[in-house]
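Before any comments, here is the structure.
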Amino acid sequence: MARIIVVTSGKGGVGKTTSAAAIATGLALRGNKTVVIDFDVGLRNLDLIMGCERRVVYDLVNVIQGEAGLNQAMIRDKRSDNLYILPASQTRDKDALTLEGVEQVLEKLSEDFDYIVCDSPAGIERGAQLAMYFADEAIVVTNPEVSSVRDSDRILGLLASKTRRAEQNQDPVIERLLITRYDPNRVDSGDMLNLEDIQEILAIKLIGLIPESEAVLRASNSGVPVTHDQDSDAGQAYSDTVARLLGDEKPLRFHLLQKRSFLSRIFGGGRR
């Protein structure tokens, strides 16, 4: 039986789809058969980040409406035989998704996969609620900004009240926090919330911290999830996140201010 993980956020632009792709990739690289589903009907960015946009023929809505089978719509990742992508539709309305249709898709996928990663649209509208409704676990993605953290708090309220587990009085959805675009220099100067403030406000377990990194943009533009770039700090941070998700103990990295050497201050150099 697959474990269903929703990657969600209250605010757009926090790196949620990047994180869903990176986490799904990390799970697959660790030997778990994984499928990542794009629930952002009408926009659809997951296929771009996964580098399979030209291979999309059918999508999630086609499957739900009986126009295609799951095997026709799923795309196998070119870099990992354990990873599959189920894209969203660019041409349909979000109302094309139904609770019953999503349930049938997830039940069918659960027969064959170890992990189902649901890439939720940002916010609290229908697509986001359907993405989280059947979740066993939630990874709440936030930036170290007041507005992003506040919107994440709203998502935690929905996870506690608007999921199948809440409605059926089952064990609650396991909530985990992923902080992205963290820059210790800006935290030190007071331009960003620090790690302790974010954890105190949201009060859920931290599973990962992803530093601000040029590697994320490079990965998105090239269609290769940043988890594959283990020379970068962001790639290593996502691998750490996946390891913790699977129960490994990993010390937190990339959150402390690094003093730059004299030569580094003179010649500069960005974060990989």
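The values are calculated or read from the model by the stated rules, or taken from the named source; none is laboratory data. Bear in mind that the values here come from a model prediction, so they are computed numbers and not experimental data. For neighbour counting, all protein chains shown are included, and Cβ atoms are generated from backbone atoms with ideal geometry for every residue, glycine included. Ligands, DNA and RNA are stripped out before the accessible areas are found, and what is left, the full protein with its side chains, is counted by its heavy atoms. Shrake-Rupley method; radii C 1.70, N 1.55, O 1.52, S 1.80 Å.
Details
- Legend: residue pairs K33/K162; K11/K78; K33/K205; K78/K250; K11/K205, Cα-Cα distance threshold 22 Å; pairs beyond threshold, K33/K162; K11/K78; K33/K205; K78/K250.
- Packing-based order for 200-213, 99-112, 160-173, 79-92, using average beta carbon neighbours within 10 Å, highest first: 79-92, 200-213, 99-112, 160-173
- Each residue of segment 209-226 was assigned a 3J(HN,Hα) from its phi angle through the Karplus expression (A = 6.51, B = -1.76, C = 1.60, θ = phi - 60°), giving 9, 9, x, 4, 8, 5, 5, 5, 5, 4, 5, 4, 5, 8, x, 10, x, 5 Hz with x at Gly and Pro.
- For G15, the amide hydrogen comes within under 5 Å of no other amide hydrogen, counting only partners 5 or more places away or on other chains and with H modelled in the peptide plane.
- Theoretical ellipticity at 222 nm over the chain - DSSP helices of four or more residues, -39500 (n - 2.57) apiece, nearest 500: -11000 deg cm²/dmol
- In the assembled protein chains, Y58 presents an accessible area of approximately 80 Å² (probe radius 1.4 Å).
- Sites D197 and E249, calculated FRET efficiency, Cβ-Cβ separation with R0 22 Å, nearest 0.05: 0.35
- For the chain, accessible area per residue (1.4 Å probe, heavy atoms of protein chains only), Å²: 46
- Segment 6-14 - phi-based ³J(HN,Hα) in whole Hz, Karplus 6.51/-1.76/1.60, Gly and Pro as x: 9, 9, 9, 7, x, 10, x, x, 9
- Whole-Hz ³J(HN,Hα) from phi, Karplus 6.51 cos²θ - 1.76 cosθ + 1.60, for segment 67-81, glycine and proline x: 8, 7, x, 4, 5, 6, 8, 6, 10, 7, 5, 6, 9, 9, 5
- Here segment 7-75 has 43 percent of its accessible surface on carbon and sulfur atoms, given a 1.4 Å probe and all protein chains in place.
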